[in-house]
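Take a look at the structure set out below.
The values are calculated or read from the model by the stated rules, or taken from the named source; none is laboratory data. Computed from a predicted structure; not experimentally measured. Virtual Cβ from ideal backbone geometry, glycine too; neighbours counted across all protein chains shown.
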Amino acid sequence: MMRSKWAFVFFAILLLVALPAAAQIQVNPTKLDFGDVSVKSSVTLFIEVSRPANASPAEELTIEVRAPSAPFSLERRGGALKLAPGGSLTLRLQLKPKQASQPGKVIGTLRLKTNDHKKPTTNVALAVELIAPQIKVTPTKLNLGKIPLGRETISSFEIKNEGNKQGSIKLRSLCKEIRVNPPSFTLKAGKVRIVQVRVKPTQLGKLQCEVVIESDDPKNPRITVTVSAEATDTSARPFSDLSPEAEGSELEIFNLSGHKVFASRAMTPFAPLHAFTLARNKLPANGVYLYVVMVRGSDGSVIKSAVRKLAVRR
């Protein structure tokens, strides 16, 4: 009788050893992917932690939650958690990226530590793809040099979206002398757009103005391009600085009193003085005179060189 009793006890112990013990805690999910999230957004997801009813030992299990690093955060605050067999709790995990976060893949780990010596740590893998436009402008300074007063000059700069999300762009000039085209557009990730800048001075002297580029780039929502130029009086420009878009040149000679004494025309723009037809019988007498060279543009405009001295000697 005693032998059969001990045999039964031995068989029960053997059965307990052979059967796998119930898991102390169950975590669902063990991988949490937030997907594509804008850096301006905030997302909350949930993790369920539970214990089977037949978990051993029967006493409460102590769970210490180690919060992940930014941009992930755990809403629950306080010390260790207690979880009895058959019990469950919900952890609220939040994603709060900063405005200046770099777009791209971000990973993290949520760690649950227990007083179970068989499995003291359970990890939950976290992942998110932060998306945002990244707007880059090249160049940020445009110097157009000398511009004839009232004449329009065209330049340009480049806008590129180096981010992983489409961006919205708006442009505006801070002065009436400068216009930009186009004034607004959307720009897909990885794409480039050329912006045209039209400058037309309304008064003589130096001109400096800013073109403002505003976008939904969270890191650089406002970028400026500085445009500078110098408006000049075309009637007093040196002959060498005149526009090459010309059809012909005219020479006028004046005496020192300012009376015109000679005129001639050359078909070549910016012709040197010897290229004009200087008929001897029409040239003024020997002496010192003043002369001006005029250039006629293809648009019908006339530009005069500076007044210079001319010596006539036969």
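So the values come out like this:
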item: Candidate set from the stretch 175-206 (those that are in contact with a Cys (Cβ under 7 Å, 6 or more places away or on another chain) and buried (at least 18 other Cβ atoms within 10 Å of the Cβ)); member that is farthest from residue 131 (Cα to Cα); result: 177
item: All positions within the stretch 147-169 that are in contact with a Ser or Thr (Cβ under 8 Å, 6 or more places away or on another chain) and exposed (fewer than 13 other Cβ atoms within 10 Å of the Cβ); result: 150, 158
item: Test: residue in the stretch 48-65 that is of a type in the set (S, T, N, Q), at pLDDT below 85 and under 22 Å from residue 121 (Cβ atoms); result: yes
